[in-house]
Every structure is written in C-alpha cells, then in structure tokens.
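S.K.: This is the structure I want to talk about, given as structure tokens.
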Amino acid sequence: MATAYWCIVEDDRKGSPKKVMAEVLGEAGRLAGANVEAVWLTDKASDEGIKQLGAWGASKVWVLENAAFAPYMGEVWVPALAELVAKESPKAIFAPVTSRMREFVARLAARLGAGLSADSVALAMEGDALVATRPVYAGKLLAKMTWAKTPWIATLRPNVFKPAESAAGKSAQVEKPSVKIPAARMKLVERREEVSTGLPELTEAEIVISGGRGMKGPENYVILEDMGKVIGAAVGASRAAVDAGWRPHRFQIGQTGRTISPKLYLGFGVSGAIQHLAGMRTSKIIVAVNKDPEAPIFKIADYGIVADLFEVVPALTDEFKRLLDKS
Amino acid sequence: MKIVVAIKQVPDTATQVKIGGDPKAIDTAGITWIVSPYDEFAIEEALRLKEKRGQGEVIAVSLGPDRVKEALRSALAMGCDRAIHLNDPAWANADTLATAQALAAVIKQEQPALVLCGRQAIDDDMGAVGAQLAEVLGWPCASWIMEEAVDADAKSVRVGRQVEGGLEVFDLPLPAVLSAQKGLNEPRYPTLKGIMGAKKKEIKDVKAGDLGLTPAAPQVAVKNLEALPARPPGRVIQGEIKDAVKELVRALREDAKAI
C-alpha cells in the first residue's frame, strides 16, 4: 500500500535545497505525518542540504546524484524518476512551482498516466481523497480538483503554504537508488546569467514592490530599487510598463508574466488591470499608491494612499529606513 | 518545413466569468472568446519560421466544441495554411493528458518537423499540455522559450528557455515540441486580406474515432468552482503625505505584521 508523499527538491544548482522546500515539506507533513520523503535529482547534493531536508521533515531522502541531471532536461529526468516511482509507488508527488518543475511534473504525469494539479494554493484531505485548490480564469475563481487515482501529482505555489520549522534534531535516512539514466538528445549550448539586481528573485521574495504606468519611464525605477534595498524586496512591473519597454519581461507580474504571492505587495502607479491582479491577488497584504482614487487596485488593497507616487516613495523609503534602523 | 501549432480558445481576460448551473464549469453565456495569448506567440513564431525559409506549411490544431472554429479562423487569418479541429463530444471532459494524447495522434499523422504551443492557456493555467505532448510523442521539448532558430537543413533547433536567474540555450534535434513564453516575438494582427483569405482555407473536423482513439477517463477533474474568499475591506489612509506614510508604516508593522 502506497503511503509515502514525495517532495521533489528544487535546489540552487549549488548543492542546497531552496527554502521553498520548507513549504512543500511542511505541507506534505501536515497531510501525511511522518510519511514524507524528499527526492532529489541533481548533479550535486551536499550533506548539509540532505540534513536540511531531514530537518524540514523528510523521513527519507532519495538522492539521485549524477552529472546527467544538470541542467534539467525532461527527457532525462522523467524516465529516471518514473523508474523509481514504479518501484516505490508513492501516494503523492509534490513540487514547488518553478519554471523547470512545471515542465518536469507535467511530463512525469503523462508518463505515469496520472493526474496533475498545477500551481495549487491549498491541499486538503476529504475522506481518503486529496483535494487541491487552484486559481483559474485569471484568478477570478478557484477550482477544487480531485484525482482519479494515486499518485496525486501537484505543484505548489511558493509563499502560500506554511513552511516547516527547521528541527535540527531530525535526520533523514538516505537512499541512493540506482536508476537507468537515458542519454539526452538535447544539448546545453550555454547558460546566460541575468545581470543581478542584488535584490531577491520575484517569485521567491517575501516583499515585492511593483511599478506601473505611473512610473512614467524606465529611469524612475531606481527609486523603487532603493526602497527594495532597504526592505529586502524584489522589484517588479506591470504589463503596461513592460510593454512600454521600461523593464525586461522577466520582471512582469501578471497573467503573461510571473505569479507572485508575497507577504507584502506594494504597488506604485499600478492601476490594477485584471491581468495584473491575476499575478498578485494571493499576496497577503496589498498596499496601493496611485493618484487616481478610482484605480481598480484600491478594490483589493488592504492599505491605500491616493497621492503622487513620486512624493510617497522617497518618504516611505525614509520611514522604512527609520523603522528598520530602530529594530 | 511543416509546423504544427497547438492552440486553445479561452475567455478574454476582461470577460466576467460566473460559475455555471453545473458548478464544475463557468457559465459560457455572453463570454468573449479569444486565442490564448501565449498561443499567439507560438503562431507568430511558426509563421516567421516559414517566411524566413521561404517555404513550408503551418497547421493550427485545436481541441474543443464548435465555437473553437472561430479561434482556428483567427489563426488562419494570421497566416496559418490550414487547420484541424478536434471536435467530438467524447473529448468534452478531456484533461491535459487526454488533450495531449489527441494532439499527439494528429501530429503522428501529419509528421511535422516542429510543434509549437503556448506556455500555458490563460483559462485553467495548467501549463501541462506542451510537455505532456512531448512525452506522448517521445520527443525532446523545451518550455518557456524566449528565442528560437532552426538550422539551415531543418535538423535541429536552438532555443533559449527562461529559467530563474537566466536563460538556458539548448540545441534540440527535430522533431521537437517547444512552448512559447512572452518575449519570444510580437504577434501580428491579421490583415484584411488575411481575414478574407481565411474564409477559403480548410478547417478539417476530426473525431476521436478518426484517430483510432477512445478518450480515456480524465485523471484529474474539477469537483467544483468557487468564488474567491472576500478580502477584508481595505483602508485608504488620508492626510498629508508625511503623516500618511508614517501611519502606513506603523500599520504594516503593528497591525499587519508584514514588515
């Protein structure tokens, strides 16, 4: 009888699991108690990383360590993991939403003939069945999903699920199974790193600052970045600002950009078009600053200031600085 | 070079959606339907490839009820050469996997060198069909591509796929499946000539039986749709900017505990 809940490890490509794994393992633990296992396909798994997965609640860590697993290629990862699934029959397979995990888990589900709930924002047992909740139609509705059979496969939206506390005493049993690793047909040519802004990644940040059409031009984003540095926030943009060429697409928040769910979202000169809301409406606290009192973003904002952002932003940055210097 | 573009018809983002009488689905009355925006990037890329090479054929494929013909007609108006409509009530409950299996069956008949689709459809945002299609076909795939170039003899394609923190550039042997991310290109608008011409182009109806398929029972299903939980009413902070900003920071720290 299948009982294990597998959590596929997303890592920093340097041997450590990303902190979003605390959320995935935490949620799996809430559903499955001790039956939580981490599965790590990587070219490099550090001992500290394995220990960390145990501290977050994995009772077992399956380490599939091989140079062929980096960079991620679906045609290599999928058959390798499918072989282990066939042997171990996990009850559920969870992964965080990242660009590669979205592809990997979908392709894995097809190979296993299993169902997938992508970008889930809640998971709950109803009797013996898992029910996932996921936003649909630009986040205007929620869909409750059920599976025909196990394994229940789902990706989990970052920053939504309560992370597991790191319990230093807990340690995981380590398994290094041997699986057949198929030869890749696709081949890496190069990896182009983005110029780092020094600020957190948009989808992982606990605080996100967003600038919309009201920013008036690309040169003005520096005031948002200054605020970002003070409070440790990522800086994103609305589609209007990206389409105007003010910010590269990777900074776009919304339906055709990134979906974020930070603890705190601060929107400046963002009107709140539906397609922007689709990418940020699950944020916990929403702050909006806009000159236009009719801007739709005020309808979902927890706090609003109707004023010129160019007056508010510097004052707010100073006030944040004062607060954080004090504490 | 033959290219298949898989597209989906979805409600326009600005359309109001309401839960239907059957709470598993939306009420489709009064909905404006469009081609999912990511799929337009895929169509555009296929057309540019054909234009650059000076020859080839671009075939738009979509699964869904009769109304989907409109979306296929839009693809033809943009410049696709012909269209295939997977139109059978047997697919009414198709999940992403059943959809991928249906598309794969058509693709096996057509034998294109390349399949393009959008990174996800903006109705259910599952983002699975492209990758699942590649798995059913046994082809290599790259998702969320930002750039693409097919080599001169159409044996391989070089793509840049978006990942956190950068772009990974890969060579994939053809045939392959690619899913388009925003930024790949700027989709064209259909010209009047294109719209007129589209009326004469073929949209072939295909039933599951024509492909030798009996659609499998879905592996995931919507149990029901729900409205969003209401957000607590917000508060507009009044007063001089200096005071408003102070009060905002106080509220974020003490009331919301968000900073």
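S.K.: For every helix of n ≥ 4 consecutive DSSP H residues, a contribution of -39,500 (n - 2.57) applies; sum these over chain B, divide by its total residues, and give [θ] at 222 nm rounded to the nearest 500 deg cm²/dmol.
M.R.: -8000 deg cm²/dmol
S.K.: Where in segment A:143-206 are there GluC sites (Glu not before Pro) that are in a DSSP coil and have at most 13 other Cβ atoms within 10 angstrom of their Cβ?
M.R.: Details: sites: A:E165, A:E175, A:E190, A:E193, A:E194, A:E201, A:E204, A:E206; in loops: A:E165, A:E194, A:E201, A:E204, A:E206.
Filter output for segment A:143-206: A:E165.
S.K.: For A:276-288, what's the mean count of beta carbons from other chains sitting within 10 Å of each residue's beta carbon? It would help to have the intermediate numbers written out before the result.
M.R.: Numbers: counts 0, 1, 3, 0, 0, 2, 1, 1, 3, 7, 3, 7, 2.
Mean shielding count: 2.
S.K.: Set the Förster distance to 30 Å, then compute FRET efficiency between A:D128 and B:N93 from the Cβ-Cβ distance, nearest 0.05. Intermediate values should be presented prior to the final figure.
M.R.: Numbers: r = 23 Å, r/R0 = 0.75.
Rounded to the nearest 0.05, the efficiency is 0.85.
S.K.: If I take all pairs of Cα atoms in the protein assembly as shown, what percentage of them are more than 35 Å from each other?
M.R.: Working: 66002 of 171405 pairs.
In whole percent, the long-distance tail amounts to 39.
S.K.: Tell me which residues come under 5 Å, amide H to amide H, from A:A307 once H is placed; ignore anything under 5 positions away on its chain.
M.R.: A:N290, A:K291
S.K.: If I take every Cα pair under 8 Å that is 6 or more residues apart in segment B:136-233, average their sequence separation and divide by the length, what percent do I get for the relative contact order?
M.R.: Numbers: 97 pairs, mean separation 21.0, N = 98.
Dividing the mean separation by the residue count of segment B:136-233 yields 21 percent.
S.K.: A follow-up question, please. Using only Cα atoms, find the angle between the long axis of helix A:74-88 and the longest principal axis of chain A, and express it within 0 to 90 degrees, rounded to the nearest 10.
M.R.: The angle comes out near 50 degrees.
S.K.: Grab the DSSP H runs of chain A that are 4 residues or longer, score each as -39,500 (n - 2.57), total them, divide by all residues and round the 222 nm result to the nearest 500 deg cm²/dmol.
M.R.: On the way: 9 runs with 96 residues, N = 327.
Mean residue ellipticity at 222 nm (helix-derived): -9000 deg cm²/dmol.
S.K.: Continuing with this model, one more query. Taking a threshold of 28 Å on the Cα-Cα distance, which of the pairs A:K299/B:K69; A:K284/A:K321; A:K299/A:K326 fall above it? Spell out each step's value before the answer.
M.R.: Numbers: A:K299/B:K69 37 Å; A:K284/A:K321 22 Å; A:K299/A:K326 33 Å.
In this structure, A:K299/B:K69; A:K299/A:K326 exceed 28 Å between Cα atoms.
S.K.: So, one more: Between their Cα atoms, which of A:K229/A:K263; A:K87/A:K162; B:K108/B:K182; A:K162/B:K257 are more than 19 Å away from each other?
M.R.: Values: A:K229/A:K263 17 Å; A:K87/A:K162 31 Å; B:K108/B:K182 28 Å; A:K162/B:K257 16 Å.
Flagged as over cut-off: A:K87/A:K162; B:K108/B:K182.
S.K.: Loop-only check: which trypsin sites (Lys or Arg not before Pro) in segment A:1-109 are DSSP coil with at most 12 other Cβ within 10 angstrom? Numbers along the way, then the final one.
M.R.: Details: sites: A:R13, A:K14, A:K18, A:K19, A:R30, A:K44, A:K51, A:K60, A:K87, A:K91, A:R100, A:R102, A:R107; in loops: A:R13, A:K14, A:K18, A:K19, A:K44, A:K91.
Answer in residue order: A:K14.
S.K.: Between A:E193 and B:R231, with labels modelled 7 Å along Cα→Cβ, what's the label distance in nm to one decimal, could you check?
M.R.: 3.6
S.K.: Could you give the length gained on full extension between A:S166 and A:K326, defined as 0.36 nm per residue of separation minus the Cα-Cα distance, in nm? Could the numbers behind the result be given before it?
M.R.: Details: separation 160, 0.36 × 160 = 57.60 nm, distance 2.80 nm.
So the extension gain works out to 54.8 nm.
S.K.: Report, in degrees rounded to the nearest 10, the 0 to 90 angle that the Cα long axis of helix A:221-231 makes with the longest principal axis of chain A.
M.R.: 60
S.K.: At a threshold of 8 angstrom on Cα-Cα distance, excluding pairs fewer than six apart, so keeping six or more, what relative contact order does chain B reach in percent? Walk me through the numbers on the way to the answer.
M.R.: On the way: 492 pairs, mean separation 60.4, N = 259.
With pairs under 8 Å counted, the relative contact order is 23 percent.
S.K.: Another question about this same structure. Please report the relative contact order for chain A, taking Cα pairs under 8 Å with a sequence separation of at least 6, and give it as a percent rounded to a whole number.
M.R.: Working: 713 pairs, mean separation 47.8, N = 327.
It rounds to 15 percent for chain A.
S.K.: Longest segment of chain B with no GluC sites (Glu not before Pro) in a DSSP loop having at most 16 other Cβ atoms within 10 Å?
M.R.: B:1-201
S.K.: Here is a further query. Under a crude label model (7 Å from the Cα following the beta-carbon direction), how far is B:Q111 from B:K18 in nanometres?
M.R.: Using points 7 Å along Cα→Cβ, the separation is 5.1 nm.
S.K.: On average, how many beta carbons from a partner chain sit within 10 Å of the beta carbon of a residue in B:231-240? Before the final figure, lay out the partial values.
M.R.: On the way: counts 6, 1, 2, 11, 4, 8, 7, 4, 2, 2.
Per residue, the average neighbour count from other chains is 5.
Since every read-out is calculated from the coordinates, none of them should be taken as a lab result. The structure displayed is predicted, hence computed values, not measured ones. Glycine also receives a Cβ, built like all others from the backbone with ideal geometry; neighbour counts cover every protein chain displayed.
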